[in-house]
Amino acid sequence: MADRIPLSKAPERWIRKKYLPHIWCPGCGLGTVLRQLVEQFEKLGWNNDEVVVVTGIGCTGRASGYVNAQTIHTIHGRALPTATGIKMARPDMHVVSLLGDGDGVGIGGNHFIHAAKRNIGITAIVVNNRIYGMTGGQASPTTPTGTKSSTTPYGNLEPSMDISKLAFGAGATFVARAHTANPVYLGQVIRRALEHDGFAVVEVLSQCPTYFGRYTGMPDPVEMVKWFQENTFMAKSPYDEQEDKIPVGVFRDDKNFRELSKAYRALWEE
Amino acid sequence: MKVALETNQLMAFAMKQIEPHVVAAYPITPSTEVVQEFSQYVANGDVRTEFVAVESEHSAMSACLAASLAGARVMTATASQGLAFMWEMLHIASASRAPIVTIVANRALSAPINIHGDHSDAMGARDTGWIQLWAESAQEAYDNVIQAIRIGEDPRVRFPVLVNYDGFTTSHAVETVEVLEDEEVRKFIGSFPRPEVNFLNIEKPASFGVLALQDYYMEFKRAQAEAYKNVKPVVLEVAEAYAKLTGRKYGLIEEYKLEDADVVLVAMNSAAGTAKETVDKLRQAGKKVGVLKIRLFRPFPIEEVASALKGAKAVVVMDRAYTYGGPAGPLFCDIAAALTNVAQRPLLGNVVAGLGGRDITMEHVEHMFNLGYKALERGSFEPLVTWVGVRE
């Protein structure tokens, strides 16, 4: 089998090897997400200098440093405004933003809503590990109710935020959810999001064995990945229900709205 | 009672003893553990504090501000970008006379991204109207935070206070410290003096965040500027009371072997300790050197600084932050201003060191003193600002 599938050239072309090994913990889901992202760059035939990767702060924030493209690592919560500026100045660039749950919908939540509302051509990949990993396992906006964390030792009292529903409600024209247990599907969804001309959100359920797993009795990353497999179902809407499982799938792919940077250019032409 | 704790844990312990009514915070390295540990005291029912894990520092300070104006005793902790993100509300907190106590494990500012210690964050908050206390050690940080409550809440003061100590160097170091009993702390800080004007006083409804344009804005600000004159005596009074309780006496500044010193180094936070060690070593070699440590940085104790430095021949001011495009480091500018009207001024020079967590070693400090001696030979510091411990 192994010798019949040609090795992917994506890591060679798209990963800055000199910055490896990466800082992520063993078993972290971010490696899977990053790998699938660069595979899609390769499959789409994009050039390294026409892709911009923007990140904020947190574990996910470190991703930009490893991608061999135009990259910017900005401050906590400000990845999307930065990406917005880049896209408005250079609509010809492929602008991709990798966000964590804390970065994307916590401290940067307002930007997330407004980027979705504007339908600006940014692919926002929100790696949702449901906890603040970088600072040591504090409850994040997506930490489920009742879940223990370093700031909620008896369980989180607040309801958790549903990123896909938020994106859906805020008007993102492409909304999907996938998880790290099925990297091939994750890759396909990321590719569709990258091809989408408008604001595209891919929420990725990703494992943090170090903190989320430890606090929820799943310190083994394999167990966490299995949990994703067993507790998700394919759905057409983030509002679909099936037992207590989490819906995954492409929830919206709407091509009827004009992308903002192009709409501006069209106005200038007039 | 003696305990051995990481400074951040110690600050959480102090917060437990203080038992503020409200804490709103957001995690950031290297101050995360302060609030994280404190949230566990809350969860365990050790304190009756309302703890709000907000979604950003901007929200943290907004929540703290509103809680304080509603008449609550309020604390939070942050660092670096977190303090920078609070910047808007920092001004409003001081102008609204909201005595919030914010613990800061001092850390560098982006860019480049750096999580380690320097003073850029607090220096960025220098002109926001917050009182600033600085600590060389865990013991001082603990003592400062307890005193900060009483200083800030004193009816003659009513200003918010930043309690600073170095990120990682101090925040993550374990030190054996002497702590008070909970009861002693609560007795020392007393119950929160509820301000006459507050959100929740339905007898006297009040409006906060009023508009004052060309007609009255300047009078508001003049009154605020004037009010800082009350701070120094209160800081000293509180220090006196604290000394009676603990035997540990603090001033606005600390003078270390200044009586006969020819060359004096001015320092803040942990580097002051390194500087004192170096002074002891150089004194053995017959050099008359000393250290001036600033404890109260805002309001800046001009008279005390001028008096402490009047006998020196050369003064080297160590800044662990820089005013980019400015004439010199921020502490230097204050020291120079303090000496403006002094008839016989020592030669003044500035060193910038320890940015982004770069070690400040005894060799570096020795070099700084040598710059002072060189200036004495030449008659001036050339150049005015020297960066120490940097590859150039």
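For beta carbons closer than 6 Å, sequence separation of 6+ or different chains, a first residue in segment B:146-173 that is acidic (D, E) and a second that is surrounded by fewer than 23 Cβ atoms within 10 Å (Cβ to Cβ), the qualifying pairs are B:E153/B:P193; B:D154/B:V234.
Is there a residue in segment B:350-368 that is among the charged types (D, E, K, R) and touching a helix residue (DSSP H, G or I) at 6+ places or on another chain (Cβ under 6 Å)? Yes; the residues of segment B:350-368 include at least one that is among the charged types (D, E, K, R) and touching a helix residue (DSSP H, G or I) at 6+ places or on another chain (Cβ under 6 Å). Scanning segment B:47-65 for residues that are buried (at least 23 other Cβ atoms within 10 Å of the Cβ), within 21 Å of B:Q17 (Cα to Cα) and within 10 Å of another protein chain (Cβ to nearest Cβ) yields a total of 1. Only residues that are of a type in the set (S, T, Y) and more than 24 Å from A:W24 (Cβ to Cβ) were counted across segment A:91-121, and they come to 0. Among the conditions (1) touching a strand residue (DSSP E or B) at 6+ places or on another chain (Cβ under 6 Å); (2) within 14 Å of chain B (Cβ to nearest Cβ); (3) at pLDDT 95 or above, the only one that A:T151 does not satisfy is (3).
None of A:G133, A:G146, A:G137 is free of Cβ contacts under 8 Å to residues at least 60 places away in the same chain and more than 7 Å from chain B (Cβ to nearest Cβ) except A:G146. Taking segment B:323-337 as the range and being buried (at least 20 other Cβ atoms within 10 Å of the Cβ) and either hydrophobic (A, V, I, L, M, F, W, C) or outside any helix (DSSP H, G or I) (or both) as the test, the residues that pass are B:A328, B:G329, B:L331, B:F332, B:I335.
Output the number of residues of segment B:79-102 satisfying the condition of being more than 12 Å from chain A (Cβ to nearest Cβ), more than 16 Å from B:V157 (Cβ to Cβ) and either part of a loop (DSSP other than H, G, I, E, B) or in contact (Cβ under 8 Å) with a residue 40 or more places away in the chain (or both). Full working, then the answer.
Quick first cut of segment B:79-102, residues more than 12 Å from chain A (Cβ to nearest Cβ) only: B:83, B:86-102.
Now narrow it down to the ones that are more than 16 Å from B:V157 (Cβ to Cβ): B:83, B:86-92.
Checking the rest, the ones that are also either part of a loop (DSSP other than H, G, I, E, B) or in contact (Cβ under 8 Å) with a residue 40 or more places away in the chain (or both) come to B:83, B:86-87, B:90, B:92.
Of the residues in that region, 5 qualify.
Taking the criterion of being surrounded by 23 or more Cβ atoms within 10 Å (Cβ to Cβ), within 14 Å of chain B (Cβ to nearest Cβ) and either basic (K, R) or in contact with an Asp or Glu (Cβ under 7 Å, 6 or more places away or on another chain) (or both), the residues of segment A:62-97 that qualify are A:H76, A:G77, A:A79. The set of residues in segment A:154-198 being farther than 21 Å from A:D220 by Cα, more than 14 Å from chain B (Cβ to nearest Cβ) and polar (S, T, N, Q) consists of A:S164, A:T173, A:Q188. Within segment A:94-131, the set of residues being aliphatic (A, V, I, L, M), outside any strand (DSSP E or B) and touching a Gly at 6+ places or on another chain (Cβ under 9 Å) comprises A:I107, A:I113, A:A116, A:I120, A:I131. So A:H114 passes all but one of these: (1) within 14 Å of chain B (Cβ to nearest Cβ); (2) closer than 19 Å to B:H58 by Cα. Which condition number does it fail? Here A:H114 meets the rest and fails (1). Of the residues examined, B:A70 is one that is away from chain A (no Cβ under 14 Å), at negative phi and touching a Phe, Trp or Tyr at 6+ places or on another chain (Cβ under 6 Å). Of the residues making up segment B:12-27, those that are in contact with a strand residue (DSSP E or B) (Cβ under 6 Å, 6 or more places away or on another chain) and within 10 Å of chain A (Cβ to nearest Cβ) are B:A25, B:P27. For segment B:1-68, the strands (runs of 3 or more DSSP E) that sit wholly inside it and include 1 or more residues that are closer than 25 Å to B:E140 by Cβ and either in contact (Cβ under 8 Å) with a residue 12 or more places away in the chain or of a type outside the set (V, I, T) (or both) are B:2-6, B:22-25. Are any residues in segment B:29-40 facing chain A (nearest Cβ under 10 Å) and surrounded by 19 or more Cβ atoms within 10 Å (Cβ to Cβ), and if so, which ones? If the condition is that a residue be facing chain A (nearest Cβ under 10 Å) and surrounded by 19 or more Cβ atoms within 10 Å (Cβ to Cβ), then B:T29, B:P30, B:S31, B:T32, B:E33, B:V35, B:Q36, B:E37, B:F38, B:S39 are the ones that fit.
Only one of A:V53, A:V38 is part of a strand (DSSP E or B) and more than 12 Å from every other protein chain (Cβ to nearest Cβ); which? I'd like the intermediate steps shown before the answer.
Details: A:V38 fails: part of a strand (DSSP E or B).
Only one candidate passes the filter, namely A:V53.
When only residues in segment B:263-311 that are assigned to a loop (DSSP other than H, G, I, E, B) and among the basic types (K, R) count, which is nearest to the chain's Cα centre (by Cα)? Lay out the reasoning, then the answer.
Initially, segment B:263-311 is screened for residues assigned to a loop (DSSP other than H, G, I, E, B), giving B:268-270, B:285-288, B:295, B:299-301, B:310-311.
Next, only the ones that are among the basic types (K, R) stay: B:287-288, B:295, B:310.
Values: B:K287: 30, B:K288: 28, B:R295: 7, B:K310: 24 Å.
Ranking the candidates gives B:R295 first.
Just checking, which of B:G124, B:G129, B:G71 is surrounded by fewer than 24 Cβ atoms within 10 Å (Cβ to Cβ) and modelled with pLDDT under 95? After ruling out the rest, the residue left standing is B:G71.
Does segment B:253-260 contain at least one residue that is acidic (D, E), assigned to a loop (DSSP other than H, G, I, E, B), more than 16 Å from the chain's Cα centre (by Cα) and outside the structural domain of B:V238 (by TED's automatic domain parsing)? Steps first, answer last, please.
The initial filter retains those residues of segment B:253-260 that are acidic (D, E), namely B:254-255, B:259-260.
Cutting the leftovers down to assigned to a loop (DSSP other than H, G, I, E, B) gives us B:259-260.
Keeping just the survivors that are more than 16 Å from the chain's Cα centre (by Cα) gives B:259-260.
Of the ones still in play, those that are also outside the structural domain of B:V238 (by TED's automatic domain parsing) are B:259-260.
Looking for residues that are acidic (D, E), assigned to a loop (DSSP other than H, G, I, E, B), more than 16 Å from the chain's Cα centre (by Cα) and outside the structural domain of B:V238 (by TED's automatic domain parsing), one finds at least one in segment B:253-260, hence yes.
The values are calculated or read from the model by the stated rules, or taken from the named source; none is laboratory data. The model shown is predicted, which means the values in this text are computed figures rather than measured ones. Here Cβ is always computed from backbone atoms with ideal geometry, including for glycine, and neighbour counts include all displayed protein chains.
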